[in-house]
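Before any comments, here is the structure.
The values are calculated or read from the model by the stated rules, or taken from the named source; none is laboratory data. Predicted, not measured: the structure shown is a model, and the values here were computed from it. Glycine also receives a Cβ, built like all others from the backbone with ideal geometry; neighbour counts cover every protein chain displayed.
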């Protein structure tokens, strides 16, 4: 099975993502930003970095690149798409996942290991996780998750919050100013998925903790989840995503 | 066709945390300024549109402001008309 990793001008975690996929036992393929053709891939990762220099807002210029037409169609057809860090910002700007990533509350670029916890273990992106806090790095200046209160309530109610930043005792770091919440994210949100559940984004980098030699292979829980979901999707004959009431509301207009 | 120049001013929505605005506020005591509050920091883009009329040009600017220059979830924008160079004016400057 082949899994694609998009390379935008300014991507820098694409190679780590390709390596993590190889560790997971699938064939990693680079997808170039100028082509809307994804080829025969069974899942897509939008990697970390600074696509198009992060000019205007992180992710917004990448949103209009040709490859995103292919990614949007792939997601609409039920394919699994995981956005990591800058990839999450691209998905949010594209309206493929809800919310926005604001400048870190501290105004500082945050680069360290954080603890996150999957909020559910039955999602396509967490199914191979063991439920314990996952220790993986962040490296971003704009990771402060924002959505209005009504949307946040909806995301929590509908199980679209996939990952929260957690304290040492494993409880969510709800206070945007506490150290365990590295960027001031509302409701301690580190990652969300779309209403249909097949597109997800998170700020921390699972692909950078993919082998023991790097310290831990904690991140492989998420990479393996993606690979399992893609395998299952292919085995089931590429079923379309379940229609949900929120799907329309999540898409930004004019696309 | 004429050239119309606009500015698009983008600001964080009221109520959205603006860390840059807050950082500016925190620097005010160093300048011995105590009378300033509610600082919001945004961005400004200036652009020229070739179009048949100002109204037509404004439609293009509005689309860009909404889709690219701002994110309606977190920001508001205002369009400011700067100047229009009509074809009549261009005709007064032959050979330019």
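Against the list (1) assigned to a loop (DSSP other than H, G, I, E, B); (2) surrounded by 24 or more Cβ atoms within 10 Å (Cβ to Cβ); (3) away from chain B (no Cβ under 14 Å), the condition residue A:36 fails is (2). Go through the residues of the range B:7-19 one by one and say whether even a single one is away from every other protein chain (no Cβ under 14 Å) and either free of Cβ contacts under 8 Å to residues at least 60 places away in the same chain or in contact with a helix residue (DSSP H, G or I) (Cβ under 8 Å, 6 or more places away or on another chain) (or both). No: the range B:7-19 contains no residue that is away from every other protein chain (no Cβ under 14 Å) and either free of Cβ contacts under 8 Å to residues at least 60 places away in the same chain or in contact with a helix residue (DSSP H, G or I) (Cβ under 8 Å, 6 or more places away or on another chain) (or both).
Condition (residue is farther than 23 Å from residue A:18 by Cβ and in contact (Cβ under 8 Å) with a residue 24 or more places away in the chain) applied to the range A:61-68: is it met by at least one residue? No, the range A:61-68 contains no residue that is farther than 23 Å from residue A:18 by Cβ and in contact (Cβ under 8 Å) with a residue 24 or more places away in the chain.
Residues checked against (1) over 30 Å from residue B:19 (Cα atoms); (2) assigned to a loop (DSSP other than H, G, I, E, B):
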| position | (1), (2) |
| --- | --- |
| A:28 | yes, no |
| A:31 | yes, no |
| A:56 | no, yes |
| A:75 | yes, no |
| A:87 | no, no |
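Number of residues in the range A:39-60 that are farther than 16 Å from residue A:85 by Cβ and surrounded by 20 or more Cβ atoms within 10 Å (Cβ to Cβ): the value is 3.
Out of A:64, A:74, A:109, one residue alone is away from chain B (no Cβ under 14 Å) and at pLDDT 95 or above. It is A:74. Looking at residue A:131, is it on the phi > 0 side of the Ramachandran plot and more than 14 Å from chain B (Cβ to nearest Cβ)? Yes, satisfied.
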